[in-house]
Amino acid sequence: MPSREEVERQIASLPRHAQPPVRELGRRSEAAEHPFKRPAPAAPAEIGGAIDTLGHAPLALVGKVGRREEVVAACELARALGIHAGMAATHARALASELDFRPAEPEADAHLLDRLALLAVRRWSPVASATPPDGLWLDLTGCAHLHGGEEHFARRLRAFCRRAGFTARVAIADTPGAAHALARFAPADITLVAPGETARALSLLPVAALRLEGSALVAARRFGFETIGDLLPVARGPLARRLGLAAITRLDQALGSVAEPIVPREDVAMPLVERRLLEPIGTAEAIAQVMQDLVGDLVEVLQARGLGARSLRLIGLRVDGGEQVVAIGTSRPTREAAHLLRLLKLRIERIDPGMGLEQFRLAAPHTEPLDAVSFGTVLSGESIVHDPARLVDVVAGRIGERAVFRIAPVPSHVPERAVQRADPVEAPGDWPPWCRPVRLFLRPEPLWAVIALLPDQPPRRFEWRGTAHKVVAGDGPERIHGEWWRRDAEVWAVRDYFRVEDEEGGRFWVFRRGDGMHQDTGDLSWWIHGVFA
Amino acid sequence: MPAAPDPLPDSIARLKAMASAAVDCRMLPFGIPALDGRLAGGGLRAGALHEVAGRSCSLSDDAAATLFLAGIAAREAQGSGRPALWVSSRVDLYAPGLAQAGLSAARVIHAQPRDDHALLAVVEDALRDGTPSAVVAEAGKVSMVATRRLQLAAAEADIPVLLLRRRRARDRDPFAEPSAAWTRWWIATAPSERLDVAGVGRPRWSVELARQRGGEPFSLIVEGCDETGRLAVPAAPRRRAAEAAGTARSAAA
């Protein structure tokens, strides 16, 4: 029996939420709680300290289960507050006001899990599949030695998941069912079961580890089956009658007497063509020739699969073992050989042949379906709308994707906010037909020595960039109010814009801050914002 | 054994056709007899390089030159249904203003290269691609070799290249160095007609053709682009008859 100090030290080393209530520490003077009551949540003050150390508020995901909103998942901090999955959302909110509630996104979770499965197929084992909602199956048969043995692999897998931001538990067993159970219910984070030891490893786990239906679980509880070990000695017939046939199948699957094949996540192979050269090459012309051959091959592959390439990657293997990689992207799926070739040729200068390149691979990492499209009613006289995607690709290949754009309207009265850069391929809408200059200054420039009648006459004269302009005609004002929902400073701000023409015929867009009546709309200073033709 | 046909005469004929003011190539008329009548071939040649600069270094003249080009590009984009490409390293172009000259957001794609070198490469790439209906480029320094390349590429693609020559210094003539451009234009703002009511009338530009192949230089006052990019001749000049009548400037070439 450990001494009292030892027990106290052990208790102190436990995390706050796992420490037993005070009553169990032996203070009999306090009122004892009901023995079947859920352990009381830790005091909020203590959790407050924990929030600071972890850097985020306790988080719980809320989703709809049946017809009620309930907590679907809770983080460790939230669990320490007494929030657990299956609790009504309102109950959880009442328990902890500082809880960070977010809606659960099962589709996004499933998508992420699918991506993980794909990664597993590419990286660890050709047979891998996702087990919704939260698991992965990998068939390690014949693969474990590639990753340094099962134990090493399990540790690497866990380290990978931690880097990727997941908390992972790994179990390796003879059957997928046993691994599924052990990964979720075994005491350790990493469980390795030696071949043939499955039944012993499983016997200590609760019945729920067998992926049973809710009714079978209820029945198992009623008949006193707590662990899987309780099920093993029972005769099959009576067990099937009590728990249902599905439960028996699950048990057999876990023990290996019923096969449960893993349906692997299919990895659609990337279109890839390759050319090996008799002699290493180094000149631009030779590389261009290889590019032409490779693009021809790849276009055939794409044609056969009905795909169009959105990106291409050309990998050249150098004699000294180095790799030269160039990549291109297109704005629409295409398999037009001449176009792809021209884009690739723009990148030739980025290839460093070194002592020579002896092997080339051309892959299309990103493809999209490309089928015949309707030609429209050309015969009836409708004009063809030319697709600018090819032009966009060519220019983007030369100066970068961000440097090619369309300018699209933004619903805003403020001139400098009415435009934004947009996707160059899609045709944007149009602006309202208010008179606007063709050149707009990034920042309005101040005007000096302005003579204008208040409140709403255009200036008679002004000086700008050291030159005096005498105004002969003016239109305005066009009053533009600040957007109060953006900044506090714009709540009352007003600009009165005028279009003025000077003696030489120069037409300018000038504005006055303030409406000339109220002090808080602006300071009545004059600015020039743009130039008309 | 019959001798292989000599390819030389063919290519010489092609080069001659490319370099001469041939009448059978496509033309872009302005739709103004006063302007088209004085241009060789009855309009701007479609597959050619045209250079435009502001008459003075003022921003108004620069804006007028910009809109002059925008109007040409807009009419071409409207006719062909293909977008125009606007290549510029500057950031002060205001798209709603362009849209009011007929070059709406759906008809123009912008490209913003870092420098003039990349700009010329982009223009040439776009010409070789053949998709744009017109290419407008704003460039400062363009060498004779570069203009010749652009002119040849434009002739091959049959796409107009409209080069807005920016001034690199306050009193430096952008047309001082020679160029292979088909036409060179000076554009300046002119006082608009005074209306009977308060307000600014339709803008007027003084358009001066400094040089054209196969034709004489001239100058003219026109009214600025409307919303379809069309110019107009001032109607019935009452007060400024002298300005509307063209005076040739033989010194500029």
Fill in: Those residues of region B:171-190 which are more than 17 Å from the chain's Cα centre (by Cα), touching a residue at least 40 places away in the same chain (Cβ under 8 Å) and in a loop (DSSP other than H, G, I, E, B), in sequence order
B:171
Practice prompt. Give the residue, chosen from B:137, B:70, that is surrounded by 24 or more Cβ atoms within 10 Å (Cβ to Cβ), facing chain A (nearest Cβ under 9 Å) and small (Gly, Ala, Ser).
Written response: B:70
Worksheet item: If a residue has to be buried (at least 20 other Cβ atoms within 10 Å of the Cβ), more than 16 Å from residue A:527 (Cβ to Cβ) and in contact with an Asp or Glu (Cβ under 6 Å, 6 or more places away or on another chain) to count, how many in region A:475-502 make the cut?
Response: 0
Worksheet item: Out of region B:198-214, which residues are away from every other protein chain (no Cβ under 11 Å) and open to solvent by 30 Å² or more (accessible area, probe 1.4 Å)?
Response: B:211, B:213, B:214
Item to complete: Pull up region A:268-281, narrow it to residues that are at pLDDT 90 or above and open to solvent by less than 90 Å² (accessible area, probe 1.4 Å), then point me to the one that is nearest to the chain's Cα centre (by Cα).
Response: A:273
Worksheet, complete the sentence: Those residues of region B:191-223 which are in a strand (DSSP E or B) and free of Cβ contacts under 8 Å to residues at least 40 places away in the same chain amount to B:204, B:219, B:221, B:223
Worksheet item: Which of the residues that make up region A:310-369 are touching a Pro at 6+ places or on another chain (Cβ under 8 Å), open to solvent by 60 Å² or more (accessible area, probe 1.4 Å) and under 27 Å from residue A:278 (Cβ atoms)?
Response: A:313, A:319, A:355, A:358
Response to the item:
Flagged in region A:251-263 as touching a residue at least 60 places away in the same chain (Cβ under 8 Å) and open to solvent by 60 Å² or more (accessible area, probe 1.4 Å), in numbering order, are A:263
Discussion item. So, in region A:476-502, how many residues would count as being closer than 30 Å to residue B:54 by Cα, within 14 Å of chain B (Cβ to nearest Cβ) and modelled with pLDDT of 90 or more?
Written reply: 7
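Given the criteria open to solvent by 50 Å² or more (accessible area, probe 1.4 Å), closer than 30 Å to residue B:55 by Cα and facing chain B (nearest Cβ under 10 Å), does residue A:465 qualify? Let's see the steps before the verdict.
Numbers: open to solvent by 50 Å² or more (accessible area, probe 1.4 Å): yes; closer than 30 Å to residue B:55 by Cα: yes; facing chain B (nearest Cβ under 10 Å): yes.
For residue A:465, the condition - open to solvent by 50 Å² or more (accessible area, probe 1.4 Å), closer than 30 Å to residue B:55 by Cα and facing chain B (nearest Cβ under 10 Å) - is met.
How about region A:224-311: which helices (runs of 4 or more DSSP H) wholly inside it have at least 1 residues that are under 17 Å from residue A:180 (Cα atoms) and acidic (Asp, Glu)? It would help to see each step written out before you state the result.
On the way: elements: A:228-231, A:236-243, A:245-255, A:284-305.
Output list reads A:245-255.
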Discussion item. I'm checking my understanding of the structure. Among residues of region B:115-128 that are facing another protein chain (nearest Cβ under 7 Å) and open to solvent by 10 Å² or more (accessible area, probe 1.4 Å), which one is farthest from residue B:63 (Cα to Cα)?
Written reply: B:125
Practice prompt. For region A:393-428, enumerate the residues that are surrounded by 20 or more Cβ atoms within 10 Å (Cβ to Cβ), of a type in the set (A, V, I, L, M) and more than 7 Å from chain B (Cβ to nearest Cβ).
Written response: A:396
Worksheet item: Is one or more of the residues making up region B:156-169 facing chain A (nearest Cβ under 9 Å) and closer than 21 Å to residue B:54 by Cβ?
Response: no
Fill in: So residue B:28, is it touching a residue at least 24 places away in the same chain (Cβ under 8 Å), within 18 Å of residue B:213 (Cα to Cα) and not charged (D, E, K, R)
yes
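If we keep just the residues of region A:129-159 that are acidic (Asp, Glu) and assigned to a helix (DSSP H, G or I), which is least open to solvent (accessible area, probe 1.4 Å)? Reasoning before the result, please.
Going through region A:129-159, the residues acidic (Asp, Glu) turn out to be A:134, A:139, A:150-151.
Retained after the next criterion (residues that are assigned to a helix (DSSP H, G or I)): A:150-151.
Details: A:150: 84, A:151: 107 Å².
Checking each candidate, the answer is A:150.
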Response to the item:
Within region A:192-220, the count of residues that are surrounded by 13 or more Cβ atoms within 10 Å (Cβ to Cβ) and basic (Lys, Arg) comes to 1
Worksheet item: Could you give every pair whose Cβ atoms fall below 9 Å, whose first residue belongs to region A:176-191 and is aromatic (Phe, Trp, Tyr), and whose second residue is part of a helix (DSSP H, G or I), counting only separations of at least 6 or pairs across chains?
Response: A:185/A:208; A:185/A:209
Item to complete: Determine which member of the set A:313, A:318, A:305 is farther than 23 Å from residue A:353 by Cβ and of a type in the set (Lys, Arg).
Response: A:305
Practice prompt. Test residue A:104 against the stated conditions and say whether it is at pLDDT below 85 and over 20 Å from residue A:260 (Cα atoms).
Written response: no
Worksheet item: Mind checking which residues of region A:429-459 are surrounded by 15 or more Cβ atoms within 10 Å (Cβ to Cβ) and either more than 55 Å from the chain's Cα centre (by Cα) or part of a strand (DSSP E or B) (or both)?
Response: A:439, A:440, A:441, A:444, A:450, A:452, A:459
Practice prompt. Specify the residue that is nearest to the other protein chains (Cβ to nearest Cβ); the eligible residues are those in region A:503-514 that are surrounded by fewer than 24 Cβ atoms within 10 Å (Cβ to Cβ) and either hydrophobic (A, V, I, L, M, F, W, C) or under 17 Å from residue A:446 (Cα atoms) (or both).
Written response: A:513
Practice prompt. Out of B:95, B:106, report the one residue that is within 7 Å of chain A (Cβ to nearest Cβ) and open to solvent by 30 Å² or more (accessible area, probe 1.4 Å).
Written response: B:106
Worksheet item: How about region B:125-141: which of its residues are at pLDDT 90 or above and assigned to a loop (DSSP other than H, G, I, E, B)?
Response: B:132, B:133, B:134
Discussion item. Can you find a residue that is within 14 Å of chain B (Cβ to nearest Cβ) and either under 14 Å from residue A:450 (Cα atoms) or touching a residue at least 40 places away in the same chain (Cβ under 8 Å) (or both) anywhere in region A:516-523?
Written reply: no
Fill in: Single condition residue B:57 does not satisfy, out of (1) under 16 Å from residue B:188 (Cα atoms); (2) hydrophobic (A, V, I, L, M, F, W, C); (3) open to solvent by less than 30 Å² (accessible area, probe 1.4 Å)
(3)
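The values are calculated or read from the model by the stated rules, or taken from the named source; none is laboratory data. Just so we're clear, the structure is a prediction, and the values are computed from it rather than from any experiment. Quick reminder, even Gly has a Cβ in these numbers, built from the backbone with ideal geometry, and neighbours come from all protein chains shown. For accessibility, only protein heavy atoms count, side chains too; no ligands or nucleic acids. Shrake-Rupley method; radii C 1.70, N 1.55, O 1.52, S 1.80 Å.
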